[in-house]
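What follows is one structure encoded as structure tokens, with my remarks underneath.
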Amino acid sequence: METLLDVENLWVKFPSRHGVFDAVRGVSFTLGRERLGIVGESGSGKSMTGRAILRLIRPPGIVEADQISLEGVDLMKLPEKDMRSVRGQRISMVMQDPKFSLNPVMTIGDQIIEAYRLHTTATKTQAYEKSLEMLEAVSIRDPERVMRAYPHEMSGGMGQRIMIAMMLIPNPEILIADEPTSALDVSVQRQVLDIMDKLVKDRGMGLIFISHDLNLVADFCDRVLIMYAGRIVEVCDADKLHEAQHPYTRGLLNSLPRLDQPRDRLDVLKRDPDWSIAPSVSARL
Ligand SMILES: Nc1ncnc2c1ncn2[C@@H]1O[C@H](COP(=O)(O)OP(=O)(O)OP(=O)(O)O)[C@@H](O)[C@H]1O
Ligand SMILES: [Mg+2]
């Protein structure tokens with residue numbers, strides 16, 4: 001498979017007075033024109049991995065990597081000015097909490113149009129039409145009204161869909177979607193997944209899909225990275241996720257309710273200190 005992104009030995013470090021906390025510890029993976037899932041419990045380093053690719057870790061956090069290569073160009077070596085044109089144009093990211101990603105004092109419409117025109121030569125009218133089209137595509141029923149509204153007038157689920165629409169308008173080569181459907185009800189979730197799926201299949205976009213939901217990832221993705229304490233502990237094909245071998249992955253799976261195997265009590269995940277000593281598994285193809 002053609003490689004769009006090659007991440008080699010990625011670390012995210014947070015220095016403090018008490019020493020350095022490593023949120024991501026030597027993660028390596030490639031992304032092709034596929035749906036790559038990242039799962040793992042809260043705090044395992046999923047969001048920091050996504051943000052580090054776009055060099056969006058806030059100081060004092062530090063990103064280190066042997067390379068983060070986008071079609072042969074090492075993003076680690078790009079000046080910040082060039083990195084800005086990578087963000088939102090070649091690689092888009094839907095952040096975990098859309099409330100913090102939207103500007104509270106600008107209408108939704110002005111924000112989408114501004115984001116779009118930043119990267120294209122479209123006229124205001126063209127950008128407006130395109131924005132309406134994308135809002136409709138993420139199942140927003142009354143796009144004209146939404147364009148005039150402010151972010152606080154939107155529910156969490158609407159905010160998530162608006163962010164997704166906004167991130168997809170510039171036709172990115174790669175989309176990093178951090179829990180993009182967690183605030184959506186099941187039918188809207190399905191529609192949003194279908195949109196992303198279509199972009200991967202029709203346009204060859206690469207998708208990094210970060211989620212807590214192992215069943216969803218098993219169903220939707222092609223390949224899955226399982227993270228624990230900043231490392232990849234296991235990589236597997238999504239359709240084989242339920243047969244995963246690592247005891248942590250088994251633990252995550254056994255703590256999920258399954259309709260086909262009902263049980264009175266769900267297992268509590270028992271952690272083994274060895275899991276945090278073993279080096280990160282490479283998911284480079
Ligand atoms: N500014 C910071 N300073 C120090 N540690 C931080 C900072 N930001 C995040 N961390 C730590 O980095 C680790 C990884 O965080 P990250 O947000 O990547 O987790 P996550 O897997 O996305 O979790 P969740 O599923 O809850 O979103 C966590 O232990 C978190 O506490
Ligand atoms: Mg997160």
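The values are calculated or read from the model by the stated rules, or taken from the named source; none is laboratory data. If you're wondering where the values come from, they're calculated on a predicted model, not measured in any experiment. Cβ sites come from the backbone with ideal geometry, for glycine too, and all protein chains shown count toward neighbours.
In segment 33-66, what residues are of a type outside the set (Val, Ile, Thr), buried (at least 18 other Cβ atoms within 10 Å of the Cβ) and more than 12 Å from ligand 2 (Cβ to nearest atom)? Lay out the reasoning, then the answer.
The first filter runs over segment 33-66 and keeps only residues of a type outside the set (Val, Ile, Thr), leaving 33-37, 40-48, 50-52, 54-56, 58-61, 64-66.
From what's left, buried (at least 18 other Cβ atoms within 10 Å of the Cβ): 33-37, 40, 44-48, 50-52, 54, 65.
The answer is 33, 34, 35, 36, 37, 52, 54, 65.
Look at segment 267-283: where a residue is within 13 Å of residue 248 (Cα to Cα) and a partner is assigned to a loop (DSSP other than H, G, I, E, B) and at pLDDT 85 or above, sitting 6+ places away or on another chain with Cβ atoms under 6 Å, you get 276/229. Only one of the numbered conditions (1) away from ligand 2 (no atom under 16 Å from the Cβ); (2) within 12 Å of residue 39 (Cα to Cα) is violated by residue 243, and that is (2). Of the residues making up segment 197-235, those that are outside any strand (DSSP E or B), away from ligand 2 (no atom under 16 Å from the Cβ), in contact with a strand residue (DSSP E or B) (Cβ under 9 Å, 6 or more places away or on another chain) and at pLDDT 90 or above are 197, 200, 205, 218, 220, 221, 222. Residues in segment 78-111 that are hydroxyl-bearing (Ser, Thr, Tyr) and either more than 21 Å from the chain's Cα centre (by Cα) or assigned to a strand (DSSP E or B) (or both): 92, 107.
What are the residues in segment 139-166 that are of a type in the set (Lys, Arg) and either part of a loop (DSSP other than H, G, I, E, B) or under 30 Å from residue 90 (Cβ atoms) (or both), if any?
Here is the first cut: in segment 139-166, the ones of a type in the set (Lys, Arg) are 141, 145, 148, 161.
If the condition is that a residue be of a type in the set (Lys, Arg) and either part of a loop (DSSP other than H, G, I, E, B) or under 30 Å from residue 90 (Cβ atoms) (or both), then 141, 161 are the ones that fit.
Among the numbered conditions (1) within 21 Å of residue 129 (Cα to Cα); (2) among the hydroxyl-bearing types (Ser, Thr, Tyr); (3) within 16 Å of ligand 2 (Cβ to nearest atom), the only one that residue 182 does not meet is (1).
Filter segment 246-274 down to the residues that are in contact with a helix residue (DSSP H, G or I) (Cβ under 7 Å, 6 or more places away or on another chain) and under 30 Å from residue 33 (Cα atoms), then identify the one that is modelled with the lowest pLDDT. Checked segment 246-274; the qualifying residue modelled with the lowest pLDDT is 256.
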